[in-house]
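Here's the structure we're looking at; comments come further down.
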Amino acid sequence: MASDSPTDRDPRALTTQHLRRAQAGDRLSLEWLVDRLSPLLVAEARYRLGELALQCEPEDVVHDAWIVALPRLAELAAREQR
């Protein structure tokens, strides 16, 4: 039997749910976000750094970004009804 929950129809809804929980202080949702988004952020950092990636590890850039972003997580505003 197929489920009809919003997260089954739109996987982005799961991320939105975890973000809201993390903003409220839920550590498990915060961990889920970091685990899920870090590989994507590392890939983007590697792409954006280009040749600088030889001098600066993309993983370090993402780590530094999390240090800045996590304390400001509650300030994120939802767009497009998300």
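The values are calculated or read from the model by the stated rules, or taken from the named source; none is laboratory data. Everything numeric here is computed off the predicted structure, so don't read it as measured data. Reconstructed Cβ throughout: ideal geometry from the backbone, glycine too, with neighbour counts over all protein chains shown. For the accessible areas, the whole protein counts, side chains as well, though only heavy atoms, and no ligand, DNA or RNA atoms are used. Shrake-Rupley method; radii C 1.70, N 1.55, O 1.52, S 1.80 Å.
In table form, for the structure just shown:
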item: Residue within the range 4-22 that is modelled with pLDDT of 90 or more and within 15 Å of R72 (Cα to Cα) present; result: yes
item: Check on E80, at pLDDT below 90 and on the phi > 0 side of the Ramachandran plot; result: yes
item: Residues of the range 44-56 satisfying the condition of being surrounded by 10 or more Cβ atoms within 10 Å (Cβ to Cβ) and of a type outside the set (G, A, S); result: E44, R46, Y47, R48, L49, L52, C56
item: Number of positions in the range 23-43 that are open to solvent by 70 Å² or more (accessible area, probe 1.4 Å), over 19 Å from P11 (Cβ atoms) and of a type outside the set (G, A, S); result: 1
